[in-house]
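Below: the structure, in structure tokens.
The values are calculated or read from the model by the stated rules, or taken from the named source; none is laboratory data. Everything numeric in this text was worked out from a predicted model, so none of it was measured. Cβ: placed from backbone, ideal geometry, glycine included. Neighbour counts: every protein chain shown. Areas reflect the complete protein model, heavy atoms only, side chains present, ligands, DNA and RNA absent. Shrake-Rupley method; radii C 1.70, N 1.55, O 1.52, S 1.80 Å.
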Amino acid sequence: QNKFNDNIRNMVRKVYGTSASCAPFGSSVNGLATAGSDVDIILWFHQTPAERSEAVKRFRKLFFALRNRPGMQAQALFHARTPIIKLNTTDGVQADIALQMTDDLGPVQDAILLIQRSSKIDKRFRPLALLVKASP
């Protein structure tokens with residue numbers, strides 16, 4: 001997954017230069033990933049567009065670049081509350097790239113740290129969290 005994350009990071013640089021960044025988040029970072037977990041990646045623009053439609057328009061550029069890569073299938077969910085690009089690779093990696101509408105990643109980082117620390121403090125946390133995660 002590190003190679004995959006690096007490839008996505010490079011593609012973001014290629015499409016946006018230094019005006020956007022991306023980073024993994026979710027279960028692949030907080031320690032709750034299982035064998036079948038997908039990779040969650042968050043993308044944000046350093047100067048967030050004033051209009052949501054402009055941010056989504058810019059996000060589409062990444063979708064078209066990823067869709068044209070060999071060995072990768074991309075599906076766009078641009079009208080979702082959080083716009084997402086869903087990826088499947090021939091290597092079996094599944095990923096979601098979510099568009100963060102602000103460059104304030106504090107809440108995302110806080111949630112990751114809370115889960116990581118809870119797992120270290122109490123060994124019962126991870127199995128309980130996985131049970132909750134698996135329930136409908």
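For the pair Ser53 and Arg126, label points projected 7 Å from Cα toward Cβ lie 4.7 nm apart. Restricting the trypsin sites (Lys or Arg not before Pro) of region 81-136 to loop positions (DSSP other than H, G, I, E, B) with no more than 15 neighbouring Cβ atoms within 10 Å leaves Arg81, Lys123, Arg124.
Mind checking the full-extension length gain between Lys14 and Arg69? Use 0.36 nm per residue of separation minus the Cα-Cα distance, one decimal, nm.
Length gained, Lys14 through Arg69: 18.5 nm.
For the chain, the longest principal axis of the Cα atoms and the long axis of helix 52-67 meet at an angle of about 90 degrees. Of the options (1) 23, 18, 15; (2) 27, 18, 13; (3) 45, 12, 10, only one is semi-axes √(5λ) of the Cα gyration tensor in Å as computed from these coordinates, and that is (2).
Only helical runs count toward this figure. For the chain, summing -39,500 (n - 2.57) over DSSP H runs of n ≥ 4 and dividing by all residues gives -14000 deg cm²/dmol at 222 nm.
Length gained on full extension, His46 to Leu114, computed as 0.36 nm times the residue gap minus the Cα-Cα distance: 22.0 nm.
Contact order, relative form, for the chain: 23 percent (alpha carbon pairs under 8 Å, 6 or more residues apart, mean separation divided by residue count).
Residues whose amide H lies under 5 Å from that of Ala23, counting only those 5 or more places away or on a different chain, are Ile42; hydrogens are built 1.01 Å from N in the peptide plane.
Which percent, to the nearest 5, of DSSP beta bridges fully inside the chain are antiparallel?
Once the DSSP bridges in the chain are tallied, antiparallel ones form about 75 percent.
Averaged per residue, what accessible area in Å² does the chain show with a 1.4 Å probe, protein chains only?
Here the per-residue accessible area is 63 Å².
Return the carbon/sulfur percentage of the accessible area of region 1-134, one whole number, probe 1.4 Å, all protein chains in place. That share works out to 53 percent.
Placing dummy labels 7 Å off each Cα toward the beta-carbon, the span from Ser37 to Met101 is 2.7 nm.
What's the angle, to the nearest 10 degrees (0 to 90), between helix 106-121's Cα axis and the longest principal axis of the chain? Here the helix axis deviates by roughly 20 degrees. For region 76-126 and region 1-37, compute the distance between their C-alpha centroids and round to whole Å. That distance is 10 Å.
Could you work out how far helix 125-134 tilts from the main Cα principal axis of the chain, as a 0 to 90 degree angle to the nearest 10? Tilt of helix 125-134: around 60 degrees.
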